[in-house]
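The values are calculated or read from the model by the stated rules, or taken from the named source; none is laboratory data. Please read these numbers as outputs of a predicted model, since none were measured by experiment. Every residue, glycine among them, receives a Cβ derived from its backbone with ideal geometry; neighbour counts consider all protein chains shown. Calculation scope for accessible area: heavy atoms of the full protein, side chains included, ligands and nucleic acids excluded. Shrake-Rupley method; radii C 1.70, N 1.55, O 1.52, S 1.80 Å.
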Amino acid sequence: MIVKTIVRPGAKYVGQFAVMRKVAGRWRFIEYERSSPTARYTVLAQGQLCVDCHVEARSNDYVFTKR
């Protein structure tokens with residue numbers, strides 16, 4: 001499982017987080033967002049939408065890394 005947190009510029013709270021979870025050899029993707037520190041998280045993206053981007057990192061098991 002990989003979890004990435006995202007803090008928008010100027011914000012003092014985590015506004016987004018993304019989760020990659022490998023199940024039976026396949027990655028499952030979901031990303032959540034919220035508009036304020038007290039707001040509930042809602043789904044921003046999941047499934048094929050995420051795969052369409054992560055396919056660019058196929059050679060690295062679909063995981064983007066900073067190099």
Exercise for the section: With only Lys, Arg, Asp and Glu charged, each at its Cβ (+1 for the first two, -1 for the last two), find how big the charge dipole of the chain is about the Cα centre; round to the nearest 20 debye. Expected result: 220 debye
Completion exercise
Asserting the computed 222 nm helical MRE of the chain (DSSP H runs at least 4 long, -39500 (n - 2.57) per run, divided by residue count, to nearest 500) equals -2500 deg cm²/dmol
Handout entry: For the stretch 38-50, 3J(HN,Hα) per residue [Karplus equation, 6.51 cos²θ - 1.76 cosθ + 1.60, θ = phi - 60°, Hz, x = Gly/Pro]
Key = 9, 6, 6, 6, 10, 6, 9, 7, 6, x, 4, 4, 5
Handout entry: Cross-link reach list, lysines versus LYS22, counting only Cα pairs under 21 Å and skipping chain neighbours closer than eight places
Key = LYS4, LYS66
Problem - Cβ-based charge dipole, the chain, positive-most Cα from VAL23, THR5, LEU44 - result: THR5
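For the stretch 27-57, run through the trypsin sites (Lys or Arg not before Pro) and keep only the ones in DSSP coil with at most 12 other Cβ atoms within 10 Å of their Cβ.
Numbers: sites: ARG28, ARG34, ARG40; in loops: ARG34, ARG40.
Filter output for the stretch 27-57: ARG40.
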Fill in the blank from the handout: Heavy-atom accessible area with a 1.4 angstrom probe orders PHE17, PHE64, PHE29, most exposed first, as PHE64, PHE17, PHE29
Handout entry: Taking the chain and dividing mean pair separation by its residue count, relative contact order in percent (alpha carbons under 8 Å, at least six apart)
Key = 19 percent
